Each structure stands twice: as C-alpha cells, then as structure tokens.
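Chemist: Before I ask anything, here is the structure I am working with.
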Amino acid sequence: MELIELMAGRLHLLRFGIGQAYLWQDPGSLTLVDTGPPGSAPRIAEALRGLGYRPGDLTRVILTHFHPDHVGAAAEVSSWGDATVLAHQLDAPVIRGEVPGPPPVLTPAERELHAHIAAAADGFAPAPAARVDIELGHGDTLDFGAGASVVGAPGHTAGSIAVYLPVHRVVLTGDSAARASDGRVILGPFNVDRDQAIASFRRLAELEVDIACFGHGDPVLSGASAELQAVAGQRDFDL
C-alpha cells in the first residue's frame with residue numbers, strides 16, 4: 001500500500017492493489033473515506049501509526065458504496081475503537097450483509113476491463129458484513145472538514161455518494177468518477193444504471209473544486225472543476 005500526502009496535514013491517499021481510500025485530518029478528528037479491499041486493515045493501521053496516530057483514533061468511517069474494494073476492511077477497521085460508520089441508506093443493507101448487491105450492467109466497452117479486474121481480484125475474500133451506524137442521504141452535513149456535504153451520486157450503485165468539502169474545495173467521488181491510466185477523467189465504469197450515473201457525474205461537475213479524489217486513478221490536484229465540466233459536456237461517455 002502507498003500512503004501519499006495530497007494536502008499537507010489534511011488529506012492522504014491510501015492506495016491499495018485495487019482501489020484506494022482517503023484519510024482526512026482535523027484537529028482531534030480523523031475521517032477515513034472507504035477502507036479498501038478485504039485484508040487491508042493492517043495496512044491502514046500501519047499508515048495511521050506512521051502519521052502518529054493509533055488505529056483507535058479514527059472518528060468516523062464513510063463508505064461511498066457497497067463494493068468489496070471499498071468496504072472490504074470496514075468490519076475490522078470499525079472494531080478498533082469508537083468510530084462511527086456512515087453509508088447511504090440504500091447501500092447500507094448490502095454493507096450489513098442483509099441483502100445481496102445487484103451486479104453492474106456492462107457496456108460492450110466495459111466487458112474486457114471488467115474481466116481483467118475480476119481476474120486480478122480473484123484472491124479477494126468476500127467483504128465481511130460490516131455495521132452501519134448512520135444512514136446518509138443527499139444533502140446531509142457532516143462534522144468534519146469545516147462542514148462536509150453528502151452528495152447523492154446514484155448510478156454506480158443505488159446508494160453511491162460523494163463527499164464534498166466546500167471550504168477546502170475538495171470532492172471525494174467514490175466510483176462515480178475515475179481517472180484512467182492515460183490521465184483522462186472519465187465516468188466511473190461498471191454501473192447498475194448508466195444514465196443515472198451520467199446524471200450523477202454531471203451533478204459532481206457543478207461543484208466548485210480544485211481537488212477531485214477518485215476511487216480509482218490518480219487524483220486531480222488543481223483545476224478539478226474544469227476537468228469534470230469538460231467531461232460532463234461531452235455527449236459520449238464511453239471508456
């Protein structure tokens with residue numbers, strides 16, 4: 001796992017073999033957005049210790065959607081201390097293991113990529129069921145980052161969310177947007193409802209942000225609004 005500082009003393013990227021998570025630091029408060037695939041908890045704990053914290057110092061864990069590469073370590077991470085676990089009300093039952101999550105509806109362009117990623121993830125254990133303490137909805141305000149907002153971003157999953165920190169001009173998109181290996185910002189692939197996912201991407205493009213942090217791919221660290229808007233203005237959202 002790589003630990004990369006994106007904003008000094010504020011925001012770190014935790015990059016796993018597949019997917020990534022983000023750690024936001026406020027004085028007296030630590031927020032982890034997503035937890036990586038199953039088995040990632042020891043590496044997250046190591047990263048926290050490397051920054052001078054104990055694993056139990058986490059204040060909250062926000063899960064952007066139910067996919068295993070985002071919630072795989074949530075059960076273990078949430079057992080370290082008193083962290084509150086938050087997720088959208090529509091994805092919470094899947095994260096808790098109460099119902100199965102629906103599979104994506106793949107476009108022809110996505111099938112080969114999906115097969116490649118599925119093969120790479122073959123060694124993953126299924127994500128253990130994890131508790132969700134607070135169920136979120138669009139427009140909810142969270143007490144970190146000088147006031148973070150939950151942005152409903154359905155389409156990738158029914159309960160996908162992004163987290164927007166307007167004071168800091170940062171958005172954490174989950175898988176509603178991504179960055180390809182060639183540097184292009186793209187619509188996140190593998191959606192349950194592609195039209196809804198496109199509408200959600202366009203909602204994110206309306207936010208005023210300098211930094212955009214994706215579930216997959218390098219963050220955009222300056223001029224993120226312009227990059228998102230350029231993609232949102234296209235008619236063709238194919239990979």
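The values are calculated or read from the model by the stated rules, or taken from the named source; none is laboratory data. In this text, all values refer to a predicted model and were calculated from it rather than measured experimentally. Glycine gets a Cβ as well: all are built from the backbone with ideal geometry, and neighbour counts include every protein chain shown.
Chemist: How many of the residues in region 166-186 are under 14 Å from the mean Cα position of the chain (by Cα) and at negative phi?
Modeler: Of the residues in that region, 9 qualify.
Chemist: Among the residues of region 202-217, which ones are in a helix (DSSP H, G or I), over 14 Å from the mean Cα position of the chain (by Cα) and closer than 16 Å to residue 64 by Cβ?
Modeler: Within region 202-217, just 203 meets the criteria.
Chemist: While we're looking at this one, here's another question. Return yes or no: is residue 126 in contact with a helix residue (DSSP H, G or I) (Cβ under 7 Å, 6 or more places away or on another chain), at pLDDT below 95 and on the phi < 0 side of the Ramachandran plot?
Modeler: In short, yes.
Chemist: Can you work out which of the residues in region 179-208 that are farther than 20 Å from residue 163 by Cβ and touching a helix residue (DSSP H, G or I) at 6+ places or on another chain (Cβ under 7 Å) is surrounded by the most Cβ atoms within 10 Å (Cβ to Cβ)?
Modeler: 189
Chemist: Something else: How many of the residues in region 87-101 are hydrophobic (A, V, I, L, M, F, W, C) and assigned to a helix (DSSP H, G or I)?
Modeler: Of the residues in region 87-101, 3 are hydrophobic (A, V, I, L, M, F, W, C) and assigned to a helix (DSSP H, G or I).
Chemist: Where residues in region 55-101 are among the β-branched types (Val, Ile, Thr) and crowded, with 19+ Cβ neighbours inside 10 Å, which of them is nearest to residue 177 (Cα to Cα)?
Modeler: Per the criteria, the residue is 64.
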